[in-house]
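Engineer: Pasting a structure below so you can have a look.
Quick note: the coordinates plus some simple rules give every number you see, no bench work behind them. These figures come from a predicted structure and were not determined experimentally. No Cβ is skipped: glycine too gets one built from the backbone with ideal geometry, and neighbour counts run over all protein chains shown.
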Amino acid sequence: MMSAKTITSIPFADQKPGTSGLRKKVAVFQSPHYLENFVQAIFDTIAAPQGSMLVLGGDGRHFNREAIQVILRMAAANGFGKVLVGQGGILSTPAASCVIRKYRTYGGIILSASHNPGGPDGDFGIKYNTGNGGPAPEKITEAIYARSKALESYRIFEAPDVALDQVGKFVMGGMAVEVIDPVTDYADLMESLFDFDAIRAMIQGGFRLCFDAMHAVTGPYGREILERRLGAPVGTVINGVPLPDFGGGHPDPNLTYAHELVEIMYGADAPDFGAASDGDGDRNMILGRHFFVNPSDSLAVIAANAALAPGYAAGLAGVARSMPTSEAVDRVAAKLGIPCYETPTGWKFFGNLMDAGKVTLCGEESFGTGSSHVREKDGLWAVLFWLNILAKRGQPVEKIVYGHWAEYGRNIYSRHDYEGLPSAAANGVMAHLQSQFAELPGKQFGAWRVKFCDDFSYTDPVDGSVSTGQGLRISFEDGSRIVFRLSGTGTEGATLRIYLEAFEPDAARHGQDAQQALAGLIAIANELSELKQRTGREQPTVIT
Ligand code: G1P
Ligand code: ZN
């Protein structure tokens, strides 16, 4: 006999969602009641009306399937009327956002730790998205956290596992479960936004591309869209089979971790275009032949060329970027005469701006670009936008980027990450920096004079909510910037991110290597932060 049960649990003190949901080691999520406690905290907080519809899916990482079954049973016991779950438990983050919006569900639960490694010793994550398809805003995630620290029981239905591997309809108590194809709705949305005929013709004309799905969720999406709908040859998508441990790799599309793609794109006989996406499909890296497009530049190029894509031909309402993202897009916005918003790090801050119709495009330096077509960043969307631009302009990637710099100037940009630092050392660096803020303005460091420094805070122009402590900024008179921020997504120790930006108007100097061009600022960052003394680290873990 199937029935709903109330299980006595214990509250947990550590279920505070970070930049993007709750992320912990798989073993933590597998410990008794841990997942259940957080899911019950979500359900209690959102208080969905009886019979509401929910979307459920994840990036396929280790523990995805088990967690899906638990959440389905808990949804049934908590009064949901229907759950749309991706076949095999799969939904990329942007596809989940698309499905929530298309079927007007109450919200959705996405299982992912994004680009963090997976497998039994890797990370797992869970986040709640609201009915607009976007990550829950801070006031909801804070309430979930508060609830998770207090609740002492959860409700779960006793029922056999749902067969996730075929599309179909099931019943669990009073709740319907519909296993949906995870790709079609998303692929249809992409086809409605971009000029697939032009891209198909370009590919037929001999244009060659390579897409690295990094053994993560975008494999099936890439094959359907690039190979089947756009006619790229089979094999265009590499590492296209999603694996629970991502093949042992680190599914983060950057020059360090997407090394297979990088070797292809920098090798002899490289294709015209290369791209990669991350664990859950919301990030993107864009490469031309022997050429890397910095994500901040990618956002600016997309904004400047948006009218070439049918879905954006009517123009952009505005653009937004996270604070540490380079100001390249600000220059495009100024020229287009549209507003540009600067938000804290994390996609959740863009949702209000898009819902209010204030922005169409938004992006982050961390390989995240997107638009109001969904409420998440979207890796394949960015890839298709680039393909649309390339098909319409008929120029190589490198030429388009250099042409962009010639028109707008180049915001030379890099991010240096120091991963796995002891928290005390990382906090010490931040505190030491902040302690100098009163006396820094006006001080000269080589060619640079400090204009202002602050701890970035943001007042949401739509709902007035205030987010403080969003990163330490040191801005110089010539527009250069250094930003220090502690990561909110790591699961081991602390990750310190240093964001460096300098503006170069002179086209004769646009070919410079970013690390060389930024060397002066890097030295200032080291000096002001006492980074080496305080952490014992000589070099960043990752440079992007
Ligand atoms: C990182 C990125 C941030 C992005 C987030 C989720 O967060 O820096 O831009 O939104 O991952 O993909 P962080 O670890 O810096 O808090
Ligand atoms: Zn991601």
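Engineer: Per DSSP H run of at least 4 residues, take -39500 (n - 2.57); add these up for the chain, divide by its residues and hand me the 222 nm value, nearest 500 deg cm²/dmol.
Structural biologist: Value at 222 nm, helices only, nearest 500: -9000 deg cm²/dmol.
Engineer: Restricting to Cα pairs below 8 Å that are 6+ residues apart, what does the relative contact order work out to for the range 462-544? Please round to a whole percent.
Structural biologist: 18 percent
Engineer: Still on this model: How do the peptides 19-31, 151-163, 407-419 rank, highest first, by the average count of neighbouring beta carbon atoms within 10 Å per residue?
Structural biologist: The densest-packed peptide leads the list: 407-419, 19-31, 151-163.
Engineer: Moving to a separate point now. Sort the range 414-544 into rounded, prolate or oblate with this rule: let a ≥ b ≥ c be the square roots of the eigenvalues of the Cα gyration tensor; rounded if a/c is under 1.5, and if a/c is not under 1.5, prolate when a/b is larger than b/c, oblate otherwise.
Structural biologist: Since a/c stays below 1.5, the shape of the range 414-544 is classed as rounded.
Engineer: Rounded to the nearest 20 Debye, what is the dipole magnitude of the range 16-105 about its Cα centre when Lys and Arg each give +1 and Asp and Glu each give -1 at the C-beta?
Structural biologist: For this selection, approximately 220 debye.
Engineer: Right, here's the next one. Return the distance in nm (one decimal) between the two label points of a simple spin-label model at ASP478 and ASP269, each offset 7 Å from Cα along Cα→Cβ.
Structural biologist: Distance between label points: 4.5 nm.
Engineer: Taking Cα atoms, how many degrees apart are the long axis of helix 295-305 and the longest axis of the chain, rounded to 10 and kept between 0 and 90?
Structural biologist: Helix 295-305 sits at roughly 90 degrees to that axis.
Engineer: Just for the chain, what percent of DSSP beta bridges are antiparallel, to the closest 5?
Structural biologist: 70 percent
Engineer: Also: Nearest-5 percent of antiparallel DSSP beta bridges in the range 74-180?
Structural biologist: If I count the DSSP bridges inside the range 74-180, around 70 percent turn out antiparallel.
Engineer: Expressed as a rounded percentage, what relative contact order does the chain have, with Cα pairs under 8 Å and six or more residues apart?
Structural biologist: 13 percent
Engineer: Then there's this: Figure the gain on full extension for GLU492 and GLU178 (residue separation times 0.36 nm, minus the Cα-Cα span) and round it to one decimal in nm.
Structural biologist: 109.4 nm
Engineer: Kindly identify the range 1-96 as rounded, prolate or oblate by the Cα gyration tensor criterion: order the square roots of the eigenvalues as a ≥ b ≥ c, call it rounded if a/c is under 1.5, otherwise compare a/b with b/c, prolate if a/b is larger, else oblate.
Structural biologist: Cα axes put the range 1-96 in the rounded bin.
Engineer: If the cut-off is 20 Å between C-alpha atoms, which lysines fall inside it for LYS451, apart from same-chain ones fewer than 8 positions away?
Structural biologist: Excluding near neighbours in sequence, the set is LYS443.
Engineer: Once you sort the root eigenvalues of the Cα gyration tensor of the range 40-168 as a ≥ b ≥ c, which label holds: rounded (a/c under 1.5), prolate (a/b larger than b/c) or oblate (the other case)?
Structural biologist: Rounded shape, in that the Cα axes give a/c under 1.5.
Engineer: Compare the peptides 73-81, 338-346 by average per-residue count of other Cβ atoms within 10 angstrom and give them in order, highest first.
Structural biologist: Answer by packing, highest mean first, reads 73-81, 338-346.
Engineer: Holding the Cα-Cα limit at 32 Å, pick out from LYS5/LYS149; LYS16/LYS335; LYS5/LYS139; LYS82/LYS348 the pairs that are longer than that.
Structural biologist: Violating the 32 Å limit, Cα to Cα: LYS16/LYS335.
Engineer: Now a separate question. From Cα pairs below 8 angstrom and at least 6 apart in sequence, can you work out the relative contact order of the range 320-414, rounded to a whole percent?
Structural biologist: RCO, the range 320-414: 26 percent.
Engineer: Nearest 10 degrees is fine. How inclined is helix 184-193 to the longest principal axis of the chain, computing both from alpha carbons?
Structural biologist: Helix 184-193 sits roughly 30 degrees off the main axis of the chain.
Engineer: How large is log10 I(q)/I(0) at q = 0.12, 0.15, 0.18, 0.20 Å⁻¹ when the Debye formula is applied to the Cα atoms of the range 309-440, each weighted equally and without solvent?
Structural biologist: Listed by q, the Debye log ratios stand at -0.59, -0.86, -1.12, -1.29.
Engineer: Report, in degrees rounded to the nearest 10, the 0 to 90 angle that the Cα long axis of helix 397-408 makes with the longest principal axis of the chain.
Structural biologist: 60 degrees
Engineer: Based on the inverse mean of 1/r over its pairs of different Cα atoms, what is the Kirkwood hydrodynamic radius of the chain, in Å?
Structural biologist: In the chain this quantity evaluates to 23.8 Å.
Engineer: Something else now. How big is the Cα convex hull of the range 465-525 in projection, averaged over all directions, in nm²?
Structural biologist: So the Cα hull casts an average projection of 6.4 nm².
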